[in-house]
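Engineer: Let me give you the structure first, and then I'll get to my questions.
What follows is calculated from the coordinates using simple rules that are stated; it is not laboratory data. Just so it is clear, the structure is predicted and the values come from calculations on it, not from any experiment. Neighbour counts are summed over all protein chains in view; Cβ atoms, including those assigned to glycine, are modelled from backbone coordinates with ideal geometry.
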Amino acid sequence: MKTLLPVPEIAIGAGRIDGIGADVAGLPGKPRRVLLVIDPALRGAGVTDRVLRSLDAAGIAAALFEDLRGEPTAALVDAAAALARQGAGAVIGVGGGSALDVAKLAAALAPAPIGAEHVQFCANPLPPAPLPALCVPTTAGTGSETTCVAVFLNTAGKKAWAWGPEIRAAKVILDPTLTTSLPPALTAATGIDALTHAVEACTNLNRFAANDAYCHQAIRLVARHLPTAVRAPGDLAAREGMLLAACFAGIGINNAGTAIGHTIAHALGSLGRVHHGRAAGLGMRAALPWNVAVNAEAYAAVAQALGGPAEAAALPGLVDRLVRAVGVKVALADELPGVTPARLAAEMALPENAAMRKSNARPSSDADLLALARAVLEAA
Ligand SMILES: [Zn+2]
């Protein structure tokens with residue numbers, strides 16, 4: 001038995017951000033005051049002002065939280081939640097995955113005097129009755145706007161997560177005008193992250209037909225729109241297509257999780273500064289020739305969604321061509337000095353990466369991990 005989890009209401013369209021005041025006014029409790037968690041880089045692009053103007057026109061006061069640099073820490077999430085407790089009736093997140101994760105988790109923590117670490121790894125339940133969160137992604141990759149998870153660095157310096165239906169956004173706005181200033185390299189890396197989410201969610205052990213529909217559509221959208229979004233950043237149709245792809249892929253992983261490509265990505269992320277999307281794409285790419293030997297029917301469907309023949313054996317080549325076509329650099333050993341295949345394999349085997357490894361359809365021995373680590377590091 002499988003369950004398709006609820007999906008937030010999703011508003012789509014160029015310029016849709018300018019109506020955000022009315023969106024907030026229509027949220028449960030009709031908030032008159034919000035916490036706005038927004039990437040500081042969006043100020044220069046005029047996005048912060050557009051949001052504030054729309055809120056002001058709807059008579060809604062906003063407390064600004066722009067302290068987002070690098071990966072959010074537990075202390076940063078707690079600071080945002082403390083600000084939300086000062087009378088906010090809703091939390092808006094505008095930015096990439098980090099901004100959305102901080103907004104969702106601050107909204108979930110606001111009703112109780114507890115911190116992010118108190119709820120990490122489901123150690124304690126989230127408080128009931130979270131503030132409604134409104135998510136506006138400005139990258140097309142993580143799918144955070146449709147997942148029930150928030151990621152942060154805990155005080156031990158480890159990547160931690162909080163999960164629960166309380167972390168689901170109440171509403172999502174997909175506005176392609178907000179992603180046109182994303183540089184091509186980031187468009188490519190985040191887009192490949194979305195592709196990896198979709199492929200892993202429809203090929204791992206948790207997959208089910210109803211969820212595959214979202215994943216396969218996400219894969220079709222990436223194949224159709226990512227090369228254009230990288231080549232012509234101002235193409236609004238391509239940008240909208242990629243926002244939808246990331247959003248559908250987010251639904252995919254919210255229902256079925258990821259797989260060993262993300263085990264590799266998290267290990268690479270702990271050992272060096274490799275962009276998550278690129279790391280996930282390279283992890284999936286390196287594992288595919290080994291992975292497609294099992295579960296051929298699921299991989300054949302992915303190959304077809306990518307525009308190739310319905311054959312599992314065609315998939316590694318199709319993914320390799322797409323990754324290279326959008327300019328994602330495949331070789332990464334130079335960026336990880338001193339990281340041997342054995343070191344990478346040991347990192348992949350850590351308990352925090354076990355769930356993704358276990359959900360992969362093909363079981364992996366420690367010898368398999370070493371072979372996969374070698375394939376990632378020796379790729380050229
Ligand atoms: Zn990812």
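Engineer: For all pairs of alpha-carbon atoms in the range 9-178, what percent lies in each bin of width 5 Å, listed from the first bin to the last filled one?
Structural biologist: 2, 10, 21, 25, 22, 13, 6, 2, 0
Engineer: For the chain, which cysteines have no disulfide-compatible partner, meaning no other cysteine Cβ under 4.7 Å?
Structural biologist: Isolated Cys, the chain: C122, C135, C148, C247.
Engineer: Still on this structure, please answer the following. Mind running the shape call on the range 184-377? Use the C-alpha gyration tensor, a ≥ b ≥ c as the square roots of the eigenvalues: rounded below 1.5 for a/c, prolate if a/b tops b/c, oblate otherwise.
Structural biologist: oblate
Engineer: With a cut-off of 8 Å between alpha carbons and a minimum separation of six or more residues, what is the relative contact order of the chain in percent? All intermediate terms of the calculation are to be shown ahead of the outcome.
Structural biologist: Numbers: 808 pairs, mean separation 53.7, N = 380.
Over the chain, the number comes to 14 percent.
Engineer: Using a Förster distance of 41 Å, how high is the FRET efficiency between R273 and K30, based on the Cβ-Cβ distance and rounded to 0.05?
Structural biologist: 0.40
Engineer: While we're here: Would you look at the GNM of the chain, springs on alpha carbons closer than 10 Å, and say which of A355, A162, A106 moves the most?
Structural biologist: Per the Cα network of the chain with a 10 Å cutoff, A355 tops the list.
Engineer: So, one more: Which log10 I(q)/I(0) values does the chain give at q = 0.08, 0.12, 0.14 Å⁻¹ under the Debye formula, counting every alpha carbon as one identical point scatterer?
Structural biologist: -0.38, -0.86, -1.17
Engineer: Something else about it: Using a simple charge model, +1 on the beta-carbon of Lys and Arg, -1 on the beta-carbon of Asp and Glu, nothing else, what dipole does the range 111-222 show about its Cα centre, in debye to the nearest 20?
Structural biologist: Dipole of the range 111-222, to the nearest 20 debye: 60 debye.
Engineer: Suppose each label sits 7 Å from its Cα in the direction of the beta carbon; what would the R374-R43 distance come out to in nanometres?
Structural biologist: The answer from the label model is 5.1 nm.
Engineer: Checking the table K104/K158; K2/K104; K104/K358; K171/K329 against a 29 Å threshold on Cα-Cα, which pairs fail?
Structural biologist: Pairs exceeding the cut-off: K171/K329.
Engineer: Hey, what did the range 184-377 get for relative contact order, percent, Cα under 8 Å, at least 6 apart?
Structural biologist: It rounds to 26 percent for the range 184-377.
Engineer: A further question follows. Using the Kirkwood radius built from alpha carbon pairs, what does the Stokes-Einstein equation give as D for the range 221-322 at 4 °C and 1.567 mPa s, in µm² per second?
Structural biologist: Numbers: Rh = 14.7 Å.
For the chosen part, D equals 88 µm²/s.
Engineer: Shifting gears a bit: Using label points projected 7 Å from each Cα along Cα→Cβ, tell me how many nm separate R321 and K159, to one decimal.
Structural biologist: The answer from the label model is 3.0 nm.
Engineer: Sort largest first and round to whole Å: the equivalent ellipsoid semi-axes of the range 266-377, each the square root of five times a Cα gyration tensor eigenvalue.
Structural biologist: 24, 18, 11
Engineer: Something else now. Hey, with R₀ at 35 Å, roughly what FRET efficiency would K2 and A237 work out to, going by the Cβ-Cβ distance, to 0.05?
Structural biologist: 0.60
Engineer: Same structure again: Which of these, G261, G157, G250, has the largest mean-square fluctuation under a Gaussian network model of the chain (Cα springs below 10 Å)?
Structural biologist: Evaluated over the chain, the most mobile residue of the options is G157.
Engineer: Still on this structure, please answer the following. What's the longest piece of the chain with no exposed trypsin sites (Lys or Arg not before Pro), counting a site as exposed if DSSP puts it in a loop and it has at most 13 other beta carbons within 10 Å?
Structural biologist: Value returned for the longest uninterrupted segment is 159-272.
Engineer: Right, something else. Please identify, among D235, D175, D56, the residue showing maximal mean-square fluctuation in a Gaussian network model of the chain using a 10 angstrom Cα cutoff.
Structural biologist: Maximum fluctuation in the GNM of the chain, among the listed residues, is at D56.
Engineer: For helix 47-57, report the angle its Cα long axis makes with the longest principal axis of the Cα atoms of the chain; keep it between 0 and 90° and round to the nearest 10°.
Structural biologist: Taking Cα atoms only, the helix is inclined about 40 degrees.
Engineer: Please give the charge dipole size of the chain, origin at the Cα centre, charges +1 on K and R Cβ atoms and -1 on D and E Cβ atoms. Round to the nearest 20 debye.
Structural biologist: 200
Engineer: Still on this structure: Of all DSSP beta bridges in the chain, what percent run antiparallel (nearest 5)?
Structural biologist: If I count the DSSP bridges inside the chain, around 20 percent turn out antiparallel.
Engineer: Another one. May I ask which residue of G307, N206, L186 lies farthest towards the positive end of the charge dipole of the chain, with charges of +1 (Lys, Arg) and -1 (Asp, Glu) on Cβ and the Cα centre as origin?
Structural biologist: G307
Engineer: Continuing with this model, one more query. Report, in debye and to the nearest 20, how large the dipole of the range 9-178 comes out about its Cα centre when Lys and Arg carry +1 and Asp and Glu carry -1 on their Cβ.
Structural biologist: The calculated dipole for the range 9-178 is roughly 200 debye.
Engineer: Modelled label-to-label distance, A129 and E352, 7 Å Cα→beta-carbon offset: nm?
Structural biologist: In this crude label model, A129 to E352 measures out at 3.5 nm.
Engineer: How would you order 181-188, 94-101 from highest to lowest mean count of nearby Cβ atoms within 10 Å?
Structural biologist: 94-101, 181-188
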